[in-house]
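The values are calculated or read from the model by the stated rules, or taken from the named source; none is laboratory data. What you see is a predicted model; the values in this text were computed from it and never measured. Note that each Cβ is placed from the backbone with ideal geometry, even for glycine, and that neighbours are counted across all protein chains shown.
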Amino acid sequence: MALYFLLQGDKKVWTWIGFWTGVLWFWWMAVSFINYEMPWAIPISLFVSGTIYAFIFFIGIQLIYLLENKFKVHSLLGKVTFLLILSYIHPFGFDWYKPELMFTNSYLGIEKWQFLIVLVAISLGIYKKQILYFLLIILAYPYAQHFQEVIPLNNNIKLYGTYTNVHDKWDKNLSKTHINEVFVALRKAIDKKEKVIVFPESVFALFLNMQPKLMEALVNYSKNITIIAGGLSWENEIPRNSAFIFQDETFRIANKVKLVPFGEENPLPSWMGKWVNDIFFDGAPDYVAASDFTDYTIGKTTYRNAICFEATSEKLYEGKPKNMIVLSNNGWLTPSIEPIQQKILLQYYSKKYGTTIYHSVNMSPSYIIHRGKVIESQ
């Protein structure tokens, strides 16, 4: 029904739809300003996100009617084309808005050609004024999924989610308490004969590779269990957001490839970026992204490493990885709808690429996604 009314909308409708899409789909970004003790920035954030998408929709509908007036291209054809390419428009590199996401938990498919069928069926119904054309939507049912290769789940992976708010996580006075929690969880997992344990992003809220005693302890524990844990790393004066993999008394560091716009890197020109960092992040430098993603093997299974935002980016699914371990910290953005949107995006990519996702989270439930379906873990 949303697409039906949108395809019939005029310039004014499309512009306002764009504005409220920006506000209602991305309002959770403003929640982070509470943790930065800058609630005054919340309405500014809402207005900016709304204005960006109002502008995108406005430009889109203007071009659509220009084509109709100049070249006699029917506006319905232009609107269908715009909705198909909308998911490729990423303001500041943020690619969470995809219209076809609405079908992730439905009986319809999420591929572009399936979305096209839905749009064409609705458009024909409008153009011909005949509701029977809507029945063509049944062709968007994902029949091929019934013949996909079944990837077995690894039931030996323990996802250890945490519920530590942002202020406590980065409180140096509580650092020992948080570290002790990790080792208590490790001992329990070993007692239960778990093979692998996964902790969330930045479960170690420090530069872990600069803590030799802590690193040595984790390496020793890896005799009995493989440990994947989030932490910061410091390499050649460069700060990175990383996952640490401790296995068989060795370790490796997998650095984040796709950084969060504004949260971890500033997509603005350098002079503007420095100004934003000074105001919002106390002058802290941006993190630096790795040049390529990291795959690692546990037993006979290969996993792609992903840290929070990058797991919702198409780049991380190059080569169609069969398994992915994701570490997230949703503490900056809760309570909000962000964890739900994140889950929907992971379901979307799991369906699209056949990837089984093991997701360990701070401040929202951890879970496994298999063939697009969520298997609750906590």
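Per this entry, G231 is counted among residues that are at pLDDT 95 or above, within 26 Å of K300 (Cα to Cα) and in contact with a helix residue (DSSP H, G or I) (Cβ under 9 Å, 6 or more places away or on another chain).
The set of residues in the stretch 343-361 being farther than 11 Å from N323 by Cα and assigned to a helix (DSSP H, G or I) consists of K343, I344, L345, L346, Q347, Y348, Y349, K351, K352.
Just the residues that are within 17 Å of N156 (Cβ to Cβ) and within 13 Å of the chain's Cα centre (by Cα), please, taken from the stretch 340-359. Please lay out each step first, then the result.
Keep residues of the stretch 340-359 that are within 17 Å of N156 (Cβ to Cβ), which gives 356-359.
Passing the criteria: I357, H359.
Can you pull out the residues in the stretch 64-90 that are within 31 Å of the chain's Cα centre (by Cα), of a type in the set (D, E, K, R) and surrounded by fewer than 18 Cβ atoms within 10 Å (Cβ to Cβ)? Selection gives nothing.
For the stretch 241-259: of the residues being touching a Ser or Thr at 6+ places or on another chain (Cβ under 6 Å) and at pLDDT 95 or above, which is farthest from L186 (Cα to Cα)? That would be N255.
Okay, residues lined up against (1) in the same structural domain as E310 (by TED's automatic domain parsing); (2) in contact with a strand residue (DSSP E or B) (Cβ under 8 Å, 6 or more places away or on another chain):
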{"position": "L208", "(1), (2)": "yes, yes"}
{"position": "M215", "(1), (2)": "yes, yes"}
{"position": "Y221", "(1), (2)": "yes, yes"}
{"position": "L232", "(1), (2)": "yes, yes"}
{"position": "N236", "(1), (2)": "yes, no"}
{"position": "Q247", "(1), (2)": "yes, yes"}
{"position": "G263", "(1), (2)": "no, no"}
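Residue under question is I227, and the condition is that it be touching a strand residue (DSSP E or B) at 6+ places or on another chain (Cβ under 9 Å) and hydrophobic (A, V, I, L, M, F, W, C); does it hold? The answer is yes for I227.
Quick grid of which residues meet (1) assigned to a helix (DSSP H, G or I); (2) under 30 Å from V260 (Cβ atoms); (3) aromatic (F, W, Y):
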site: L66; (1), (2), (3): yes, no, no
site: S106; (1), (2), (3): no, yes, no
site: F115; (1), (2), (3): yes, yes, yes
site: V120; (1), (2), (3): yes, no, no
site: Y133; (1), (2), (3): yes, no, yes
site: L139; (1), (2), (3): yes, no, no
site: A144; (1), (2), (3): yes, no, no
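Give me a count of the residues in the stretch 244-270 that are closer than 26 Å to H90 by Cα and of a type outside the set (K, R). Talk me through it step by step, then tell me what you get.
Let us first name the residues in the stretch 244-270 that are closer than 26 Å to H90 by Cα, namely 254-270.
Still in the list and also of a type outside the set (K, R): 254-255, 257, 259-270.
The qualifying residues number 15.
Scanning the stretch 50-63 for residues that are loosely packed, with under 15 Cβ neighbours inside 10 Å and touching a Ser or Thr at 6+ places or on another chain (Cβ under 7 Å) gives no hits. Taken over the stretch 146-183, residues that are touching a residue at least 12 places away in the same chain (Cβ under 8 Å), within 30 Å of I34 (Cβ to Cβ), not in a loop (DSSP other than H, G, I, E, B) and not aliphatic (A, V, I, L, M) amount to 6.
Table: residues versus (1) in the same structural domain as Q130 (by TED's automatic domain parsing); (2) assigned to a helix (DSSP H, G or I); (3) at pLDDT 95 or above.
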residue	(1), (2), (3)
I17	yes, yes, yes
G22	yes, yes, yes
F26	yes, yes, yes
F33	yes, yes, no
E37	yes, no, no
A41	yes, yes, no
F47	yes, yes, yes
T51	yes, yes, yes
F55	yes, yes, yes
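Quick one: which of L232, L208, L259, L214 is under 18 Å from N305 (Cα atoms) and surrounded by fewer than 20 Cβ atoms within 10 Å (Cβ to Cβ)? When all the criteria are applied, what remains is L232.
Just name the residue that is surrounded by the most Cβ atoms within 10 Å (Cβ to Cβ) out of those in the stretch 1-15 that are charged (D, E, K, R) and in a helix (DSSP H, G or I).
As a first pass, look at the stretch 1-15 and keep what is charged (D, E, K, R): 10-12.
With in a helix (DSSP H, G or I) added as a condition, the list becomes 11-12.
Details: K11: 13, K12: 10.
Among those that are charged (D, E, K, R) and in a helix (DSSP H, G or I), it is K11.
The residue that is modelled with the lowest pLDDT, counting only those in the stretch 68-96 that are assigned to a helix (DSSP H, G or I) and of a type in the set (K, R), is K70. When residues in the stretch 235-245 are screened for being under 25 Å from the mean Cα position of the chain (by Cα) and either hydrophobic (A, V, I, L, M, F, W, C) or surrounded by fewer than 23 Cβ atoms within 10 Å (Cβ to Cβ) (or both), 6 of them pass. When N156, N173 are checked against the criterion of being farther than 27 Å from N323 by Cβ and either modelled with pLDDT of 95 or more or within 26 Å of the chain's Cα centre (by Cα) (or both), a single residue qualifies: N173.
Considering only the stretch 311-329, how many residues are under 26 Å from N35 (Cα atoms) and either assigned by TED's automatic domain parsing to the domain that holds P91 or surrounded by fewer than 22 Cβ atoms within 10 Å (Cβ to Cβ) (or both)? Lay out the reasoning, then the answer.
Going through the stretch 311-329, the residues under 26 Å from N35 (Cα atoms) turn out to be 311-313, 326-329.
Filter again for either assigned by TED's automatic domain parsing to the domain that holds P91 or surrounded by fewer than 22 Cβ atoms within 10 Å (Cβ to Cβ) (or both), leaving 313.
Going through the stretch 311-329 one residue at a time, the tally reaches 1.
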